[in-house]
Amino acid sequence: MPLSILVLIMSFAIAPNKKITVYLIGDSTMADKEVTAYPETGWGMPFHYFFDSTVVVDNRAKNGRSTRTFIEEGRWKPVVENLKEGDYVLIQFGHNDEVPTKKSYTTPEQFTINLEKFVSESRSKNAIPVLITPVARRKFDSSGKIEETHAVYTQLVKDVAAKYKVPLIDLDQKSQELVQQFGPEASKYLYNYLSPGENPHYPAGRKDDTHFSELGARKMAEIVLYEIKSLNLGLANHIRVVPVKEKK
Amino acid sequence: MKISNNTIYRMIKANLKKTLFVCLLALLSFALPIKKHITVWMIGDSTMCEYDSSRFPLTGWGMPFAQYFDSSVTIKNVAKGGRSTRTFIAEDRWQKVVENLKEGDYVFIQFGHNDEAKNYPDRYTTPDDYRKNLIKFITESRDKKAIPVLITPVSRRKFDANGNAIETHEVYSKIVREVAAQMDVHLVDLDAMSLKLLQQFGEKNSALLFMQLEPGENPNYPSGVHDNTHFNAYGARHVAELVLQAINDLHLEVSDRIFKKS
């Protein structure tokens, strides 16, 4: 009798151990970084800190990868194999797909096919794919207006999202708005800009208009989080809730 | 027992490999003198301490600071929010550091924010006591053959009407400088350095270094926060960079252990 009670109690304590895994697949703008690359920060890093204990963020994004090389290197397969019903797959590629001179180059047709593969295989495991357009680079025209740098590949993401009714986060657009708001000078704070001698990991300094600082990465993660709420994804119910504190 | 030529050949080959390996090790030990492992103890307040991820992006500068050393250094950040020199000692936090100090260890000391807060009697420390406590940290560190490093309290974000960053620790930073001079202690004038940093960023953009979040922007701070004392991850890293530069300029031995990308 006491044993059965114990088992009953334990089953309540342990039973709801069905955590949602949010897989992040993408490139360097999303990836976790080696310590020696700090302060370069992928937006997937601060994204870890926004959810309650029912969610595990598993950031599989990898520097330099396109949809094609991510698949070819066998990085997608283990994600599919581990997907459970109710898991999420946040998909953000483009930076390395769209550059013809890069080894990772993926033709527009192949890019579309690869995105469709991510979507259909996620769905076949009853997981929820979310398509994300590639986050903006810091590029301004002479009048101080931000320039679109992913025109073709962002549109392809949108097309796949529309065709298959996949939740879409237009991070390209939203991050351009943010970078514009900061303007040509202050937007450097969002990216990995370091003066020579400033940081031991970058003794010669750095002017990087693609990869983020801690600040930029966090702002991008906040945008993605905001869009998850706007889309009314079930995941939004698992964002950390902190009681509102009275101000001192 | 019959040993074939083949076996002998393999035995020689295996031994050769071993010999070569030993030679290589010997060579390496000359090329890379194996450094004695040291610990850098960080004692201070909320601007230096570690935070749980549930409070992200709140970041003490000791957190990014720890990312820049090679494996011969352990950073023990025992700084604690709300602590002055007085309460840090009264709570036996200092005693625990002293007990574990080893020869060649460093003690990085940054207090002031809470010592100088007259309106918080639970932490306030008079200038005289502040001076005495700093001297205690120094003498007790030196007793254990550890190396104390005094750090003036990192600046708060405060600008005058002309957009000039204002000194916010006048009295207590001066005491740190005096104690450093008097006792010949390495000094990192972080107050002055960070004041310059704030000026470089300017009144508006310097907010990007601090815990400034709009309501709804970040789930950890649903009602937003406007804090000109505590740093976000970006600000904490900039402060850590200043301290790294300072210990490099002071030629402290520990600065040879900063990880350098070749």
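Derivation of every value follows stated rules applied to the coordinates shown; laboratory data play no part. A quick note: this is a predicted structure, and the numbers were derived from the prediction, not measured. A quick note on method: Cβ atoms are made from the backbone with ideal geometry, for glycine too, and the neighbour counts reach across all protein chains shown.
Here is how the numbers come out for the structure above:
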quantity	calculated
Size descriptor, Kirkwood hydrodynamic radius, that averages inverse alpha-carbon separations across the range B:128-250, Å	16.0
Exposure proxy order (Cβ contacts within 10 Å, fewest to most) of B:Ile138, B:Ile109	B:Ile138, B:Ile109
Approximate spin-label separation B:Ala181-B:Tyr51, in nm, with each point projected 7 Å along Cα-to-Cβ	3.5
Charge dipole (chain B, unit charges on Cβ, about Cα centre) - positive-most of B:Tyr51, B:Phe111, B:Ser173	B:Tyr51
Structure-based [θ]222 nm, the protein assembly as shown - -39500 (n - 2.57) summed over DSSP H runs of at least 4, per residue, nearest 500	-12500 deg cm²/dmol
Most fluctuating residue given options B:Lys145, B:Lys35, B:Lys196, as computed from a GNM of chain B linking Cα atoms under 10 Å	B:Lys35
Using distinct alpha-carbon pairs, which all enter the 1/r mean, Kirkwood radius of the protein assembly as shown in Å	25.9
Share antiparallel - DSSP beta bridges, the protein assembly as shown, percent rounded to 5	25
Computed over the range B:140-184, the ratio Rg/Rh where both radii use C-alpha atoms and Rh is Kirkwood	1.18
For chain B, the longest site-free run once GluC sites (Glu not before Pro) in DSSP loop states with at most 12 other Cβ atoms within 10 Å are removed	B:104-262
GNM result for chain A, Cα springs below 10 Å: residue of A:Val119, A:Val135, A:Val56 fluctuating most strongly	A:Val56
Percentage relative contact order, the range B:192-262, counting C-alpha pairs under 8 Å, at least six apart	23
Efficiency of FRET between A:Ser143 and B:Thr126 - r from beta-carbon atoms, R0 51 angstrom, step 0.05	0.30
Residue (of A:Gly74, A:Leu235, A:Tyr202) at the positive-pole extreme of the range A:19-238, dipole from beta-carbon charges	A:Gly74
All lysines inside 28 Å of B:Lys204 as judged from Cα atoms, apart from same-chain residues fewer than 8 positions distant	A:Lys139, A:Lys145, A:Lys174, A:Lys188, A:Lys207, A:Lys219, A:Lys245, A:Lys247, A:Lys248, B:Lys158, B:Lys174, B:Lys196
P(r) of the range A:121-248 over all Cα-Cα pairs, binned every 10 Å from zero, in whole percent	11, 32, 30, 20, 7, 0
Dimensionless Rg ratio for the range A:19-238, taking C-alpha atoms and the 2.2 N^0.38 Å reference	0.98
Rough spin-label spacing in nm, given labels placed 7 Å along Cα→Cβ, for B:Ser223 and A:Lys102	4.4
Ratio of the Cα radius of gyration of the range B:53-257 to 2.2 N^0.38 Å, where N counts its residues	1.03
Under 25 Å from B:Lys76, Cα to Cα: lysines that are on another chain or at least 8 residues apart	A:Lys33, B:Lys35, B:Lys36, B:Lys96, B:Lys102, B:Lys132, B:Lys136, B:Lys144, B:Lys145, B:Lys260, B:Lys261
Contour minus Cα-Cα distance for A:Gln155 and A:Val241 (0.36 nm per residue)	27.5 nm
Where labels lie 7 Å past Cα in the beta-carbon direction, separation of A:Lys117 and A:Tyr164 in nm	1.1
Net dipole in debye of the protein assembly as shown [+1 Lys, Arg Cβ; -1 Asp, Glu Cβ; about Cα centre; nearest 20]	1640
